[in-house]
1. Assuming Y94 fulfils every condition listed in (1) touching a residue at least 12 places away in the same chain (Cβ under 8 Å); (2) out of contact with any Gly (no Cβ under 8 Å at 6 or more places or on another chain) apart from one, which condition is it?
2. Does region 93-111 contain any residue that is touching a Lys or Arg at 6+ places or on another chain (Cβ under 8 Å), closer than 19 Å to C360 by Cβ and crowded, with 18+ Cβ neighbours inside 10 Å?
3. Could you count how many residues in region 239-259 are in contact (Cβ under 8 Å) with a residue 40 or more places away in the chain and farther than 30 Å from L83 by Cα?
4. Are there any pairs, at least 6 apart or on different chains, whose C-beta atoms fall under 7 Å, with the first in region 163-183 and without any contact (Cβ under 8 Å) to a residue 40 or more places away in the chain and the second part of a helix (DSSP H, G or I), and if so, which?
5. What's the total number of residues in region 336-357 that are touching a helix residue (DSSP H, G or I) at 6+ places or on another chain (Cβ under 8 Å) and part of a helix (DSSP H, G or I)?
6. For region 274-291, indicate whether the set of residues that are over 30 Å from K107 (Cβ atoms), free of Cβ contacts under 8 Å to residues at least 60 places away in the same chain, assigned by TED's automatic domain parsing to the domain that holds Y189 and over 23 Å from the mean Cα position of the chain (by Cα) is non-empty.
7. Tell me, which strands (runs of 3 or more DSSP E) wholly within region 262-335 include 2 or more residues that are closer than 29 Å to N236 by Cα and modelled with pLDDT of 95 or more?
8. Among the numbered criteria (1) in contact with an Asp or Glu (Cβ under 7 Å, 6 or more places away or on another chain); (2) more than 25 Å from I102 (Cβ to Cβ); (3) of a type in the set (A, V, I, L, M), which one does M274 miss?
Amino acid sequence: MTTKAKYIVSVMFVAFIGIFGILFFVLPKNDFSPKEKRYLQSFPQISTKNIFDGTFETEFENYINDHMVMRDAFMGINSYSNLALLKNGSDGVYYSSDGYLINKPVKDSRLDLNLSVIADFKEKTKIDTSVMIVPSTGYIAKNYPYGFTEKYNDDEYFKRIGEFCKNNNLKMIDLRPSFKEEFAKNQIYYRTDHHWTTYGAFLAYNQLCRQWNITPAKSDDFKIERYKNFYGTTYNTSGFWLTKPDTIEIWKNTHNKSTCEIKVDDKTEKYSSMYFYDNLKGEDKYEVFLDGNHPITTVKNPKNKNGERLLVIKDSFSHCLTPFLSENFQEVTLVDMRYYKKSVSEEICKNTKYHKVLICMSIDNFLEDKDFCFLE
């Protein structure tokens, strides 16, 4: 390269950095990223403590990263470049040939501890308790076309869960066999999101009813409403912006007039439906079910007079499962311990008689959940 060419390249590089630096300071900063569905780092507070303990440096770096000019475009370039270099999953998401975006496997950090808490809760409350942990999409799918992929250890985890449940008088609902069989025929997980589809939840509901020896509602009882252009959380963190969207389904029994109560702190709001259709217009369409995550949500079916009450210890996988559960229970109460920071056995179970308890979470959350201590 000649001296003149080197000079031109240097000038272009400095100009590029300068322009982006100016734009960074001039352009307005957003508080929220609709595509990633998260709040962005605000400018860090300056204090002697923050500077010396490294907090300011960390938060300032996050601030720059979150507000970088053309951030989404650079995320996409980075993801597709890694894919071309056979570095699939380098940003935490695997890209598969049939359009699935799948989170990399989570390592076991709290499985045994969380299982022991469930056993203590069962012993303390004496309520019939079932454990239904949802297998990871990556374990069920096993369809990665590019590069090295880490192993999904679901078989090992479910073996430990099964043995623990057998030894501690807990019921385990193992979804692996039915999900493996059904995955080849129907979509039971979203392609752009980590959740199961409503059809996947219906499969789990049927298996749960068989375990409980109760009669499930039939698929013919439901009218299926379909809403297109659903992009989930996996898509929003992946950078694979060319991925086609999903269709989200609402399986609605027109004879089921269940109401919904959402409790946050000491305030309870009552709603006439389990479905929040306004959320279909927002960035997270999955919040059409039960309005998303809340500490306590109770669904009541006025037509069901059997007096049966179900307590669900849940993550967001339970949201599209709940309308099916309401077919068989007069009340379904869901507790999300990421947001409810009181003793479930002391504050909830002592005030209301529950006939069954269901632990329903994804394997990823169950392996890492640090809030299970609040179950006792």
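The values are calculated or read from the model by the stated rules, or taken from the named source; none is laboratory data. Note that the structure is predicted; figures quoted are calculated from it, not measured. Reconstructed Cβ throughout: ideal geometry from the backbone, glycine too, with neighbour counts over all protein chains shown.
1. Against the list (1) touching a residue at least 12 places away in the same chain (Cβ under 8 Å); (2) out of contact with any Gly (no Cβ under 8 Å at 6 or more places or on another chain), Y94 comes up short only on (2).
2. yes
3. Residues meeting the conditions: 10.
4. D174/F158; D174/G162; S178/L203; S178/Q207; E182/L203
5. Count: 2.
6. no
7. Ranges flagged: 296-300, 309-314, 331-335.
8. Result: M274 passes all but (1).
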